[in-house]
1. Can you list, bin by bin at 5 Å, the percent of alpha carbon pairs in the range 37-97, starting at 0?
2. Can you compute the modelled spin-label distance between Lys46 and Leu131, with each label point 7 Å from Cα toward Cβ, in nm?
3. Would you mind calculating the gained length between His56 and Glu75 on full extension (0.36 nm times residue separation, minus the Cα-Cα distance), in nm to one decimal?
4. Using the Karplus curve 6.51 cos²θ - 1.76 cosθ + 1.60 with θ = phi - 60°, what ³J(HN,Hα) values do you get for each residue of the range 58-67, in whole Hz, with x for Gly and Pro?
5. Hey, rough spin-label estimate for Arg110 and Leu28, points 7 angstrom out along Cα→Cβ, what's it come to in nanometres?
6. What are the ³J(HN,Hα) values, in whole Hz, obtained from phi via the Karplus relation 6.51 cos²θ - 1.76 cosθ + 1.60 with θ = phi - 60°, for each residue of the range 101-108 in sequence order, with x given for Gly and Pro?
7. Please compute the Kirkwood hydrodynamic radius of the range 19-136 from all pairs of different C-alpha atoms, in Å with one decimal.
Amino acid sequence: MSTTPSPDKGRDGEGLKFLPYDKRLTALARENRGQPTPAESLLWQKVLRGKQFRQHKFLRQKPIGSCIVDFYCAELRLVIEIDGDSHADQIEYDAQRSRFLDGFGQHIVRYANRDVQNSLPCVYDDILTHLSSPNHE
């Protein structure tokens, strides 16, 4: 059994910094995990689940502050958001969420539902490019 704490459960001076969250969002996040969109389900099953993506652990529907993000990797400080058609009308809201998450030192990438569903290999390759960016070295 490993004595190293999980990066998303950082302790004083160990692991990564603990990210505060609104505990009232826990039940909603759990409910969202049980009802993923088709694009979220596809990305989870084919790319992120069970450390499939380069052995990095991703969580689904993770509360961070007052937000629930679609996918989160503590080790990479990476948030992946899958946006449906309704996000075309929420540009400022999404920008505010991104700035908020950025304040916690997270790198946010967004993909449209249609891109995940129609071009999953391209989405995979794009996630790889974000890993090699200066923010992740």
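1. Pairs per bin, as whole percents: 4, 17, 26, 24, 17, 9, 3, 0.
2. Simple spin-label model gives 1.8 nm for this pair.
3. In short, 6.1 nm is gained.
4. Working through the residues one at a time gives 10, 10, 9, 6, 8, x, 9, x, 9, 10 Hz.
5. Roughly 1.8 nm, to one decimal.
6. Per residue, the Karplus-derived 3J(HN,Hα) values read 5, 4, x, 8, x, 9, 9, 10 Hz.
7. This gives a value of 14.5 Å.
Since every read-out is calculated from the coordinates, none of them should be taken as a lab result. All values derive from a computational prediction rather than experimental measurement. Backbone-built Cβ (ideal geometry, glycine too); neighbour counts: all protein chains shown.
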